[in-house]
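Visitor: Provided herewith is a single structure, encoded as structure tokens, for subsequent inquiry.
The values are calculated or read from the model by the stated rules, or taken from the named source; none is laboratory data. Fair warning: this is a prediction, and the values are worked out from it, not measured in the lab. Cβ: placed from backbone, ideal geometry, glycine included. Neighbour counts: every protein chain shown.
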Amino acid sequence: MLPNSARLRSSKRIGEIFKQGKYSHGKLLLIKYLPNNKNSARIAISVSTKLFKQAVKRNRIKRLVREAIKPHLANLPKIDILIITKGSIGVSASLSKIKIELDNLLSKV
């Protein structure tokens, strides 16, 4: 689990990120981000119900993404990040592949 200070829960803010945010994308993930005026970065993860019908599969992917982003929390600038999974991620995605992709995408941010 991410600490409470690192979670982005406001649906209004998530909507702002969708509309106004800059983005960076790879094969497995899309990252949208906007600067915030908080003390640290906040993160939200979105996995589409259209791509993964079963909640078990969606939750597994979210757990993998959370584990991959944990080492980066201390180094992130003060931004709100929305991580959106693409269909190519698949249920059999490995943690190492997600970590490599997140490293690349976060270096662009």
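Visitor: What are the residues in region 41-92 that are of a type in the set (Ser, Thr, Tyr) and surrounded by 15 or more Cβ atoms within 10 Å (Cβ to Cβ), if any? Talk me through it step by step, then tell me what you get.
Guide: So in region 41-92, the residues of a type in the set (Ser, Thr, Tyr) come out as 46, 48-49, 85, 88, 92.
Hits for region 41-92 are 46, 85.
Visitor: Also, quick follow-up: Looking at region 7-33, which of its residues are in contact (Cβ under 8 Å) with a residue 40 or more places away in the chain and either over 18 Å from residue 105 (Cα atoms) or in contact with a Gly (Cβ under 8 Å, 6 or more places away or on another chain) (or both)? Step through it out loud before you land on a result.
Guide: First pass over region 7-33, keeping only residues in contact (Cβ under 8 Å) with a residue 40 or more places away in the chain: 8, 13-14, 17-18, 21, 24-33.
Listed by number, the residues that qualify are 8, 13, 14, 32, 33.
Visitor: Please go through region 1-25 and give me each residue that is within 15 Å of residue 79 (Cα to Cα), of a type outside the set (A, V, I, L, M, F, W, C), surrounded by 10 or more Cβ atoms within 10 Å (Cβ to Cβ) and in contact with a strand residue (DSSP E or B) (Cβ under 8 Å, 6 or more places away or on another chain), ordered by number.
Guide: 5, 7, 13, 16, 21, 22, 23, 24 - these are the residues of region 1-25 that are within 15 Å of residue 79 (Cα to Cα), of a type outside the set (A, V, I, L, M, F, W, C), surrounded by 10 or more Cβ atoms within 10 Å (Cβ to Cβ) and in contact with a strand residue (DSSP E or B) (Cβ under 8 Å, 6 or more places away or on another chain).
Visitor: Examine region 34-50 for a residue that is touching a Phe, Trp or Tyr at 6+ places or on another chain (Cβ under 6 Å) and either closer than 19 Å to residue 106 by Cβ or in contact (Cβ under 8 Å) with a residue 12 or more places away in the chain (or both), and state whether such a residue exists.
Guide: In the first step, residues of region 34-50 are kept if they are touching a Phe, Trp or Tyr at 6+ places or on another chain (Cβ under 6 Å); the result is none.
No, there is no match, as no residue in region 34-50 is touching a Phe, Trp or Tyr at 6+ places or on another chain (Cβ under 6 Å) and either closer than 19 Å to residue 106 by Cβ or in contact (Cβ under 8 Å) with a residue 12 or more places away in the chain (or both).
Visitor: Here's a follow-up. Scan region 16-31 for residues that are basic (Lys, Arg) and more than 15 Å from residue 101 (Cβ to Cβ) and jot them down.
Guide: Applying the first criterion (basic (Lys, Arg)) to region 16-31 yields 19, 22, 27.
Matches in region 16-31: 19, 22.
Visitor: Same structure, new question: For the subset of region 64-101 comprising residues that are basic (Lys, Arg) and in contact with a strand residue (DSSP E or B) (Cβ under 9 Å, 6 or more places away or on another chain), which member is farthest from residue 7 (Cα to Cα)? It would help to see each step written out before you state the result.
Guide: Residues of region 64-101 basic (Lys, Arg): 66, 70, 78, 86, 97, 99.
Adding the requirement that they be in contact with a strand residue (DSSP E or B) (Cβ under 9 Å, 6 or more places away or on another chain) leaves 66, 78, 86.
Details: 66: 11, 78: 13, 86: 21 Å.
Only one residue tops the list, namely 86.
Visitor: Can you name the strands (runs of 3 or more DSSP E) wholly within region 1-93 that have at least 2 residues being modelled with pLDDT of 95 or more and out of contact with any Lys or Arg (no Cβ under 6 Å at 6 or more places or on another chain)?
Guide: Numbers: elements: 22-25, 29-35, 42-46, 79-85.
In region 1-93, the matching strands (runs of 3 or more DSSP E) lie at 29-35, 42-46, 79-85.
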